[in-house]
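Before any comments, here is the structure.
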Amino acid sequence: MRKTWEEPRILVQEFVANEYVAACGDSGVVYNFECNAGDRRSSYNVYLADGTPYATSGRDYGGCKNDYYSYSPCGEKHEAESDSGFLNGYMYKQGWFGENTGNKIDVIIWTDNYKDVHCTTQLDMNKWETAKS
Amino acid sequence: MNENMKLEFPFTDNSGELSGDKLDEHLKNDNNTEENKRYRIRSGYILREIAGEFAIIPVDEESLITNAVMAPNDTAVFLWKAFLYPSTIEDVVKKGMQEYDATEETIRNATYRFVEETLRYRILEEVV
């Protein structure tokens, strides 16, 4: 049996950005950031890659209003959205008087939107575990 | 016919200076006439059936329609499938008459409009 003919039509449906995805940040990736740089029983002076003190004893003669005095690894995994403030930096172990001692340790700092300090020595973000991608 | 008058067919090859029945036959076989033009769907589109409904997805970045899905109705799917392989409008009209209950004129007019529109959006291309 032959079918009924109707005027051929093609409806074009354009995609519209999904608000839920947009709210997840620029890429929507959430990392399981492991705060594991250094020894848990030690304190460290942390600097941004350009030398700006970020979490130091304040005895480095640089000083910084946003200085968090020191950093120690908490050893925990934090769910961190990709746009929540990751910075390249480095750190030194603090001596008795808060001065830098030992070797320079390169790190990536997770600032949790610039209100905390967590560091990892895994500098390749592609190797980080993801909670959501 | 006046011997000084010379018929001209600017879009046909009549280098053999044909006339009368021979010219008619030549015109029928001439590949440059509208009826003999063959068209096909460009390669940058995928037609898929999903849960009984058809969808056309542009996959080529050069496509004029991007970031979209096209939903064709039944006759548009028929025309789309018919032009997946190089076909003339007449080939498609003949197929349409076998498959649909409609006059030849209705199918031909709709096919011409389909060809015109899809050529404009660079969905269809002429096969040389």
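Details
- Residue match in the range B:117-124 (condition: at the interface with chain A (Cβ under 10 Å from one of its Cβ atoms) and buried (at least 17 other Cβ atoms within 10 Å of the Cβ)): yes
- Whichever residue in the range B:69-85 is part of a helix (DSSP H, G or I) and more than 9 Å from chain A (Cβ to nearest Cβ) and, among such residues, is surrounded by the fewest Cβ atoms within 10 Å (Cβ to Cβ): B:LYS81
- When the range A:95-133 is filtered for residues that are over 20 Å from A:GLU76 (Cα atoms) and among the small types (Gly, Ala, Ser), the ones remaining, listed by number, are A:GLY95, A:GLY98, A:GLY102, A:SER133.
- Condition met for B:ALA55 (farther than 20 Å from A:ARG2 by Cα, within 11 Å of chain A (Cβ to nearest Cβ), of a type in the set (Gly, Ala, Ser) and surrounded by 13 or more Cβ atoms within 10 Å (Cβ to Cβ)): yes
- The listed residues are B:THR66, B:THR88, B:THR103, and the only one of them that is closer than 16 Å to A:GLU6 by Cβ and either more than 7 Å from chain A (Cβ to nearest Cβ) or surrounded by 15 or more Cβ atoms within 10 Å (Cβ to Cβ) (or both) turns out to be B:THR103.
- Output for the range A:28-52, where each listed residue is closer than 24 Å to A:ASP83 by Cα and small (Gly, Ala, Ser): A:GLY28, A:ALA37, A:ALA49, A:GLY51
- Enumeration of residues in the range A:83-122 that are assigned to a loop (DSSP other than H, G, I, E, B), of a type in the set (Val, Ile, Thr) and either farther than 16 Å from A:THR56 by Cα or without any contact (Cβ under 8 Å) to a residue 24 or more places away in the chain (or both): A:THR121
Only the coordinates and a few stated rules stand behind these numbers; no lab work does. Since we're looking at a predicted model, the values are computed, not measured. Reconstructed Cβ throughout: ideal geometry from the backbone, glycine too, with neighbour counts over all protein chains shown.
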